[in-house]
Amino acid sequence: MSKICCELYFSSYGVARRAVLRIGFVFLLLLASLNMQAQKEGKLVPNLKGFDEKLIHFGFLIGVNTSNFSIIHSRAATPENDNKPRYAEVLDLQPGINLGIVTSLKLRKNLNLRVLPGLSFGQRDLSFIDTDSVRYDPLKIKSTFLEMPIMLKYGGDRNHNFKPYIIAGLNPRFDLAKKKQNGLLLNSFDLYYEIGAGFDSYLNYFRLSTEFKISIGMRDVLNHDGTGELLDMPYTQAIDKLTSRIFVLNFYFE
């Protein structure tokens, strides 16, 4: 049993680590590319010179995400699972998309309050294995989140047409997808805290911002009452706590 737990831990850790590395690699490539472009344009007139002095401005965002679960196993041996505890893991991280609207309010120099209502779509494939190494078909958990991130954005000093920044805040999410997910019943509401970093690129007619952030759920999203189906009970019984992790790469047009 301990061997299975170790395998699941390192498998889930490896999936999450690969996702972060891939997104981070894309983020660094974009950062390096735009930084080089800014250096080439160093002697040119800066674009959108008065942009950062506006009290309020608007825009929209598009992005990609990958979702994961942090799982605490119950190790429950019950008649429903033939006294063979099951263990869950996320096999593969599926790509999703984000769409939203940007409202940004200047609080002081280099500090903005941002409200970013929108929708995000994602999927998590949750697989189960028992102590006899029998693996069950994965549960495909699809989500459509209505979300309202409220973020503080603190930027560095502008270097011509380039400015780095960091962000932090809270994001309440409500899952509009059906609650019963082929074996598990999930709670619709969750509250996430988010941290990340990005850079602003000032173009001729708008500002393009590229941002990577990690969104960590604070609530147990598993409904422990289950779906009410006898065959689904082993899935619910296998999990003591289920929390969400979402990795996001967004592009803002303002």
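The values are calculated or read from the model by the stated rules, or taken from the named source; none is laboratory data. Because the structure is predicted, anything quoted here is derived from the model rather than measured. Cβ: placed from backbone, ideal geometry, glycine included. Neighbour counts: every protein chain shown. For accessibility, only protein heavy atoms count, side chains too; no ligands or nucleic acids. Shrake-Rupley method; radii C 1.70, N 1.55, O 1.52, S 1.80 Å.
Observations
- If you sort Tyr193, Tyr205, Tyr136 by accessible surface, 1.4 Å probe, largest first, the order is Tyr205, Tyr193, Tyr136.
- When Rg and the Kirkwood radius Rh are both evaluated on Cα atoms of the range 161-209, their ratio Rg/Rh stands at 1.26.
- Building the convex hull from the alpha-carbon atoms of the range 63-116 and averaging its projection over directions returns 6.9 nm².
- Distance in nm between pseudo-label sites at Asn47 and Thr131 (7 Å out along the Cβ direction from Cα): 6.2 nm
- Taking all protein chains as shown and a probe of 1.4 angstrom, Thr144 keeps an accessible surface of around 40 Å².
- Once the C-beta distance of Glu229 and Leu208 is scaled by a Förster radius of 51 Å, the resulting FRET efficiency is 0.60 to the nearest 0.05.
- Separation between Cα centres of the range 203-243 and the range 52-73, rounded to whole Å: 15 Å
- Overall dimensions of the range 107-187, expressed as equivalent-ellipsoid semi-axes from the Cα gyration tensor (√(5λ), whole Å, largest first), are 40, 17, 10.
- The range 144-254 - charge dipole about Cα centre, Lys and Arg +1 at Cβ, Asp and Glu -1, debye rounded to 20: 260 debye
- Efficiency of FRET from Cβ geometry, Asp240 and Asn110, R₀ 51 Å, rounded to 0.05: 0.75
- In terms of overall dimensions, the range 144-187 has a Cα radius of gyration and Dmax of 17.8, 54 angstrom.
- Ser70 - accessible surface, heavy atoms, 1.4 Å probe, Å² rounded to 10: 40 Å²
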